[in-house]
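Have a look at the structure below, then the notes.
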Amino acid sequence: MHPYLRVLILAAVAVIVAGALVALALTGRNTTLSLIALLVAGAIATLTGGFVFVMSWVWSQRVWNEGRGGQSLAIAMAGGMAIVVAAAALAGSVILLLTFTVS
């Protein structure tokens, strides 16, 4: 298996875990546990998006230097989508935290 594919699979699993934590936070009755779950979910999603972005940059450069421009562009686009998803996850976490904490 290609190392970049492993990174993408790891990122997909991490985003699923973050989504499960958000679901736990939204369905739980304990607000303290919900806030902690939201913070952890936001941190997981943001760190995962940043990690995929950095790894996409590295692999895009490696593939470009091998002379495969199309594949390099596809990897760079995947990295761009990853950082947008990370930003959306961070924004969503902040919005949900404000929803829980502001009365």
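No lab work stands behind these numbers, since they all come straight from the coordinates. Source: prediction; values computed, not measured. Every residue, glycine among them, receives a Cβ derived from its backbone with ideal geometry; neighbour counts consider all protein chains shown.
Side notes on the structure shown:
- Taking the range 3-97 and dividing mean pair separation by its residue count, relative contact order in percent (alpha carbons under 8 Å, at least six apart): 30 percent
- C-alpha long axis of helix 3-27 to longest principal axis of the chain, angle in °: 10 degrees
- The range 56-88-the range 1-42 distance, computed between alpha-carbon centres (Å): 24 Å
- Computed from the C-beta positions of A91 and R68, the FRET efficiency with R₀ = 22 Å rounds to 0.05.
- Placing a label point 7 Å from the Cα of M81 along the Cα-to-Cβ line, no residue of the range 37-55 has its backbone N under 12 Å from it.
- Using just its DSSP H runs of length 4 or more, each adding -39500 (n - 2.57), the chain gives a mean residue ellipticity at 222 nm of -32500 deg cm²/dmol after division by all residues.
- Per-pair calculated FRET efficiency, R0 = 35 Å: L98 and L10 via Cβ, rounded to 0.05: 0.70
- Intensity falloff of the range 3-97 expressed as log10 I(q)/I(0), Debye formula with alpha-carbon point scatterers, at q = 0.17, 0.20, 0.23, 0.24 Å⁻¹: -0.70, -0.86, -1.02, -1.08
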